[in-house]
Structure formats: structure tokens, C-alpha cells
Amino acid sequence: MYEEQQRSGDGGGQHGPLAGFTVGVTAARRADELGALLQRRGAAVLHAPALRIVPLADDGELLAATKEIIDQVPDIVVATTAIGFRGWVEAADGWGVGEQLLGRLRDVELLARGPKVKGAIRAAGLTEEWSPSSESMAEVLDRLLEEGVDGRRIAVQLHGEPLPGFVESLRAAGAEVVPVPVYRWMPPEDLGPVDRLLDAAVSRSVDAVTFTSAPAAASLLSRAEDRGLRGDLLAALGHDVVPACVGPVTALPLQALGIDTVQPERFRLGPLVQLLCQELPSRARALPVAGHRVEIRGHAVLVDGALKPVPPAGMSLLRALARRPGWVVARAELLRALPGAGRDEHAVETAMARLRTALGAPKLIQTVVKRGYRLALDPAADTKYADA
């Protein structure tokens with residue numbers, strides 16, 4: 001599981017499009033895959049699974065879905081996990097409908113996500129029609145969409161957290177989808193990571209939070225409510241922290257509260273990451289300062305394209321200066337911008353010295369004796385940014 005990625009700079013400018021940004025991941029399943037995609041593009045990742053997955057061996061929801069499949073045989077059944085498929089068949093046996101279920105599954109196009117699922121299917125006396133070599137649900141989806149699913153009835157054995165965009169894409173293509181919920185989603189037993197993500201979002205220490213299921217979004221909102229932070233979280237997601245959802249169904253809990261989300265056109269993890277690669281850099285502020293191009297990102301700064309990691313206190317000062325580039329900002333005001341700095345203005349001087357060292361270009365920030373500090377905005381830009 002991903003904790004916050006260590007933030008390391010690259011003075012040579014070789015960095016991904018998400019370098020300098022921190023992204024929260026709320027997924028329980030496929031978190032490793034999503035985290036790796038983000039990290040390969042330079043992001044720091046804060047993983048906080050907002051759900052845990054428990055089996056539904058005796059649940060009425062699974063029984064209802066099983067009876068629906070027995071009564072109305074689907075055209076296609078997609079099995080996604082070996083343990084989930086076995087659990088489904090065992091639960092059906094316990095309800096006395098195991099043979100009926102297996103009889104129906106013999107008459108459908110049965111797709112298996114990978115070799116372990118194929119083994120579970122064959123152990124039940126069934127034979128899959130096809131299985132992808134990649135073990136990827138994206139490949140299963142591509143096959144279904146290429147075949148055409150308009151008007152077809154497809155049962156999908158869900159595995160834990162709803163499959164990011166899979167059901168949505170099938171429904172968008174005209175399929176009737178019958179979810180088979182072999183698991184239930186519950187709040188995580190360890191709320192520590194979720195609380196850290198909430199604190200980071202409220203303090204704007206993350207730049208985006210990703211959601212791959214509606215239950216994960218609802219769970220994060222519920223925990224924020226329990227801690228008295230829901231208003232603060234909604235304010236952050238509404239303005240400074242990008243809520244990125246894999247698709248419209250996932251976004252519903254947020255949109256119901258008036259939060260606009262960003263979503264990729266294709267409801268998958270790869271396009272979700274690509275969307276962030278466009279969205280976050282486009283929101284970063286770039287300024288011409290002392291002959292350099294300075295782009296302020298979440299926890300780092302690009303100076304002429306070279307990534308410069310900056311401590312949190314330094315980022316607080318830099319943002320305060322950037323709100324009025326070229327204008328003098330008093331030490332007292334900068335002190336208020338420092339997190340937990342107290343009343344000692346020497347804290348500003350200490351943080352400012354570290355900021356200049358981190359930026360590697362001391363002339364970017366000028367000291368104005370007895371008044372404060374200013375970003376050394378290039379003269380040609382003074383008028384453009386005077387009212388910023």
C-alpha cells in the first residue's frame with residue numbers, strides 16, 4: 001500500500017507531468033496499480049483506503065442477484081476473482097440453489113478475468129469461453145465493446161470495490177448490467193490513513209483526490225462528517241483540491257453536495273491519470289521572476305523547468321508572496337501564513353532562508369529593509385500582475 005511518496009527533486013528538469021503534486025488515492029482494490037501510474041508520472045501519492053471489503057456469504061443482496069440470474073438467464077457472465085466466484089457458488093449451495101446456478105452458467109458466455117478465475121470456474125465443472133492474457137479488466141471490456149453489447153444482459157461478479165468504469169462503460173454502450181455483489185464495502189478498520197488524507201485535503205497539502213467508486217466517496221464524506229470536517233472538506237474540494245472521479249456514477253455522492261468533479265471520457269484508471277496530468281499543471285501558477293520562469297506547484301517549484309522541492313513552510317511563504325507578485329508583503333503577514341509559527345518574526349527569516357536555498361536562485365525573492373519581502377517580478381510583467 002502506498003504511503004506518501006518521498007519527495008525528491010530533479011535539478012536537471014527530467015520529471016513527469018505530475019512532479020511537485022500530491023495526489024490522494026481512496027481506492028481499496030487496484031490501489032497499487034493507480035498509485036504506480038501516478039508515481040511514474042512524478043506525483044507523490046497518499047494512499048488512504050476509504051473502504052474495506054467483507055464477504056457476503058449470508059447476505060440477502062447476493063441471494064437476490066443469484067435468484068435473478070436463475071430466473072432471467074443473462075447473455076454473458078463475467079467472473080472477476082477466483083475467491084469471489086467460489087464464494088458465490090458456495091453461498092448458492094448453502095441456499096439450496098447451487099445446481100440451478102451452475103446449470104444457468106453452463107448456458108451463457110462465461111468470461112474469466114485471469115488464470116486463477118479460470119481454475120475456479122473449471123473446479124465448479126464449468127468452462128470459460130474466453131480469458132484475457134493480460135488478466136486486465138480493460139481487455140475484457142474492450143472485447144465486450146468490440147463484440148457489441150447493446151441490448152444484451154451481462155452479469156458481472158463484482159470484486160470488492162466496484163470496477164472502475166467497467167459497469168458504467170457497458171451501460172453507456174446499451175447493455176443491461178446485473179451486478180453480483182459477492183462482497184460488501186465497509187469503513188476501514190484502521191481510520192488513520194483516512195484521517196491523514198482528510199487533514200491533508202483540508203490543509204491543502206494534497207492537490208487532488210481520486211475516487212474509483214461511489215462508496216469510497218461516500219465513506220470519505222461520512223468520516224469527514226464524524227470529525228466535524230465535512231464543511232472544510234467540501235470547501236477544499238470545491239476550490240483548491242481537485243476531486244477526480246473515474247466516471248459519473250462514482251461522482252454522484254460529491255455532485256449531490258454541489259461539488260464539481262473532473263472525469264475522463266473513458267471510465268478507466270489510465271485516462272483518469274492522464275486527465276490529472278493535464279488538469280494539475282494547468283492550474284499551477286507561472287510567473288516571470290528575476291529573469292526566470294517560476295511555476296508554483298503543490299510541494300515543489302519549477303525554476304526554468306528544473307524541479308525544486310520546497311519545505312511546507314517555504315511553500316506557505318511563496319504562495320503568500322505570489323498572491324501579490326512584485327508587491328512587498330510585510331513580515332507580520334508572512335508570519336500569519338506560516339503554519340504554527342507563533343508570534344516570533346524570526347521564524348519568517350528562518351523559513352525564508354530555507355526557501356531561497358531550496359529554490360537555488362536567491363534573487364527570486366528580494367528583502368525590502370524594514371518592510372518585508374517581495375517576489376522580484378520582471379519589470380515587463382509588473383502591470384500585468386499588479387492586481388493579481
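The values are calculated or read from the model by the stated rules, or taken from the named source; none is laboratory data. Quantities reported herein were computed from a predicted structural model and do not represent experimental measurements. Quick reminder, even Gly has a Cβ in these numbers, built from the backbone with ideal geometry, and neighbours come from all protein chains shown. Heads up: the accessible areas ignore ligands, DNA and RNA and are worked out on the full protein's heavy atoms, side chains in. Shrake-Rupley method; radii C 1.70, N 1.55, O 1.52, S 1.80 Å.
Of interest is the spacing of the C-alpha centroids, which for the range 258-298 and the range 190-213 amounts to 18 Å. Distance between the modelled labels on residue 171 and residue 252, one decimal in nanometres: 0.6 nm (7 Å Cα→Cβ projection).
With springs only between Cα atoms under 10 Å, which of 68, 147, 139 fluctuates most in a Gaussian network model of the chain? Among 68, 147, 139, the largest GNM mean-square fluctuation belongs to 147. A Gaussian network model of the chain, with springs between Cα atoms under 10 Å, assigns the largest mean-square fluctuation among 298, 165, 372 to 372. Under the combined filter of DSSP loop state and at most 16 neighbouring Cβ atoms within 10 Å, the range 213-258 retains these trypsin sites (Lys or Arg not before Pro): 227.
When a/c reaches 1.5 or more, the comparison of a/b and b/c decides; with that in mind, is the range 70-126 rounded, prolate or oblate per its Cα gyration tensor? It comes out oblate by the Cα gyration axes.
Taking all protein chains into account, the per residue accessible area for the range 77-234 stands at 40 Å² (1.4 Å probe). Residues in the range 254-388 average 51 Å² of solvent-accessible surface per residue, probe 1.4 Å, ligands and nucleic acids excluded.
Calculated from DSSP H runs of 4 or more alone, at -39500 (n - 2.57) each and per residue, what is the 222 nm mean residue ellipticity of the chain, nearest 500? After summing the helix terms and dividing by residue count, I get -12500 deg cm²/dmol. Applying the criteria of a DSSP loop state and at most 12 other Cβ atoms within 10 Å to the GluC sites (Glu not before Pro) of the range 170-231 yields 189. Find out how many positive minus negative residues lie around residue 286, taking Lys and Arg as positive, Asp and Glu as negative, among other residues whose Cβ is under 9 Å from that of residue 286. Charge balance near residue 286 sits at +1. Pick from 226, 207, 32 the residue whose mean-square fluctuation is largest in a GNM of the chain, springs joining Cα atoms under 10 Å. Of the options given, 226 has the highest mean-square fluctuation. Under 20 Å of direct C-alpha separation, and excluding same-chain neighbours fewer than eight residues apart, residue 363 reaches these aspartates and glutamates: 295, 304, 349, 378, 382.
Taking a straight Cα-Cα cut-off under 29 Å and skipping sequence neighbours fewer than 8 places away in the same chain, the lysines within cross-link reach of residue 67 are 116, 118. Of the accessible area of the chain, computed with a 1.4 Å probe over protein heavy atoms only, carbon and sulfur atoms account for 49 percent. To the nearest ten degrees, helix 346-359 and the longest principal axis of the Cα atoms of the chain are 70 degrees apart.
Our coupling estimate for the range 131-137, obtained by passing each phi through the Karplus curve with A = 6.51, B = -1.76, C = 1.60 and θ = phi - 60°, is 8, x, 5, 8, 6, 9, 5 Hz, Gly and Pro reported as x. With axes computed from alpha carbons, what is the tilt in degrees of helix 31-40 against the longest principal axis of the chain, rounded to the nearest 10 within 0 to 90? Helix 31-40 sits at roughly 40 degrees to that axis.
Looking at the chain alone, DSSP beta bridges between its own residues are antiparallel in about 50 percent of cases. Helix 82-94 and the longest principal axis of the Cα set of the chain meet at an angle near 40°.
First check a/c for the range 136-199, with a ≥ b ≥ c the square roots of the eigenvalues of its C-alpha gyration tensor; if it is under 1.5, answer rounded, and if not, answer prolate when a/b is larger than b/c or oblate otherwise. Prolate, since a/c reaches 1.5 and a/b exceeds b/c. Between the entries (i) 25.5, 85; (ii) 22.0, 81; (iii) 23.7, 79, the label attached to Rg and Dmax of the Cα atoms in Å calculated for this structure is (i).
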